[in-house]
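Attaching a single structure in structure tokens format; questions to follow.
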Amino acid sequence: MSTGNMNLTLKIWRQKNNKAKGNLVDYKISEISPDMSFLEMFDVLNEQLINKGEEPVVFDHDCREGICGACSMYINGRPHGPKEGITTCQLHMRSFKDGDTIVVEPWRAKAFPVIKDLTVDRTAFDRIIAAGGFISVNTGNAQDANALPIPKFQADLAFEAAACIGCGACVATCKNASAMLFTSAKISQLALLPQGQPERYRRVQSMVAQMDAEGFGNCTNTGACEAECPKGISLENIARMNRDFYSAKFVSEEEV
């Protein structure tokens, strides 16, 4: 009687570091429950490799709840795998069939150099945030909750932009390795709120300049980033960022 468990072939990218040449390595894995998450399947594989005295596959993971964005894998040619609106850790093995071959690779982008195997360095995103993704405030007690009324429509748009988890799927899927969806989401979540207005134009100029300095490509409006984003971040954020960027050219230095 069949247990419903699966036997799979994994083709996994192995690479010692950013300087070494990498390659796909085949692994056979059996008796995988369809109820396992994709990362749990990797845990099983790594346990088997360790028991055989082989080096386990290095991959990023943290919350395993679709919140942190760490578990970034390119699975069968798509960021985070075949399902829409989820991260790799939310992908379950029931999305695959017995006998399937699954190809797993790291994010591919100049600005995301491989650290080892499936783990890439995404600190470029941190530097973009550090360039302007914040609000400068005076110290002291917090304002009352109703001191700055915000229309619900604006609040909803800001909340949707703030849903970005910085996983990098937008960069990985873009033919230009553009980070404009990520950058625009981080700009929009502040530009849409009254607290973000004093530094609005300085922020967009600084963050776009840092994005370019990191080596990300430009946007050519193919829309792949929005389609593959696990949080559904909208291209409207890129349009808003572009408007603010060009508007900044026409405001005074005091305003910037």
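Please report, in cubic angstrom per residue, the volume enclosed by the convex hull of the alpha-carbon atoms of the chain.
166
Normalised radius of gyration for segment 123-248, please: alpha carbon Rg relative to 2.2 N^0.38 Å, two decimal places.
Cα-based Rg divided by the globular estimate yields 1.05.
What dipole magnitude, in Debye to the nearest 20, does the chain give about its Cα centre under +1 on Lys/Arg Cβ and -1 on Asp/Glu Cβ?
About 660 debye.
Place a +1 charge on the Cβ of each Lys and Arg in segment 1-146 and a -1 charge on the Cβ of each Asp and Glu, then give the dipole magnitude about the Cα centre in debye, rounded to the nearest 20.
The dipole of segment 1-146 has a size of about 700 debye.
Under a 5 Å amide H to amide H cut-off, with H placed in plane at 1.01 Å, what residues pair with V103 once short-range neighbours are removed?
Under 5 Å from the amide H of V103 lie the amide H atoms of K11, N76, each far enough along the sequence or on another chain.
Any idea how far the Cα center of segment 96-138 sits from the one of segment 143-169, in Å?
After rounding, the separation between the Cα centres reads 24 Å.
Charges on Cβ only, +1 for Lys and Arg, -1 for Asp and Glu, centred on the Cα centroid of the chain; of M6, A130, V44, which one is farthest towards the dipole's positive end?
Farthest towards the positive pole: A130.
Per the helix-only calculation at 222 nm, which mean residue ellipticity applies to the chain, given -39500 (n - 2.57) for every DSSP H run of n ≥ 4 and division by its residues, nearest 500 deg cm²/dmol?
So the calculated ellipticity at 222 nm is -9500 deg cm²/dmol.
Further question: Cα-Cα over 18 Å: which of K116/K186; K11/K116; K175/K231; K186/K231?
The pairs that break the limit, which is 18 Å between Cα atoms, are K116/K186; K175/K231.
Helix hunt in the chain: which complete DSSP H runs extend at least 27 Å axially by C-alpha with mean Kyte-Doolittle at least 1.6?
Helices meeting the criterion: none.
What is the antiparallel percent of DSSP beta bridges lying wholly in the chain, to the nearest 5?
About 75 percent, rounded to the nearest 5.
Then there's this: Taking a probe of 1.4 Å, how large is the accessible area per residue of the chain, in Å²?
With the other protein chains kept in place, the chain gives 52 Å² per residue.
Follow-up question, since we're still on this one. Can you list the residues, at least 5 places off or on another chain, whose amide H is less than 5 Å from the amide H of M6, using H built in the peptide plane?
Close amide H contacts, sequence-distant or interchain: E31, I32, S33.
Could I ask something else about it? Would you mind counting up the charge near L39? Only other residues with Cβ under 12 Å from its Cβ, with Lys and Arg at +1 and Asp and Glu at -1.
Surrounding charge for L39 is -4.
Further, regarding this structure: If you check each cysteine of the chain for another cysteine whose beta-carbon is under 4.7 Å away, which ones come up empty?
Taking the Cβ cut-off of 4.7 Å, the unpaired cysteines of the chain are C164, C167, C174, C219, C229.
What trypsin sites (Lys or Arg not before Pro) in segment 143-193 are in a loop by DSSP, with at most 13 other Cβ atoms within 10 Å of the Cβ?
Loop-located and lightly packed - K175.
Using amide H atoms built in the peptide plane, which far-off residues or other-chain residues are under 5 Å from C174 H to H?
Amide H neighbours of C174: none.
Please name which of F159, S234, N221 has its Cα lying farthest along the dipole of segment 126-253 towards the positive end, using unit charges on Cβ (Lys, Arg +1; Asp, Glu -1) and the Cα centre as origin.
Value: N221.
I've got another one for you. If you roll a 1.4 angstrom probe over the protein chains with everything in place, what fraction of the accessible area of segment 123-248 belongs to carbon and sulfur, to the nearest %?
52
The values are calculated or read from the model by the stated rules, or taken from the named source; none is laboratory data. Note that this is a predicted model, so its numbers are computed, not measured. Backbone-built Cβ (ideal geometry, glycine too); neighbour counts: all protein chains shown. These area figures cover heavy atoms from the full protein model, side chains too; ligands, DNA and RNA do not enter into them. Shrake-Rupley method; radii C 1.70, N 1.55, O 1.52, S 1.80 Å.
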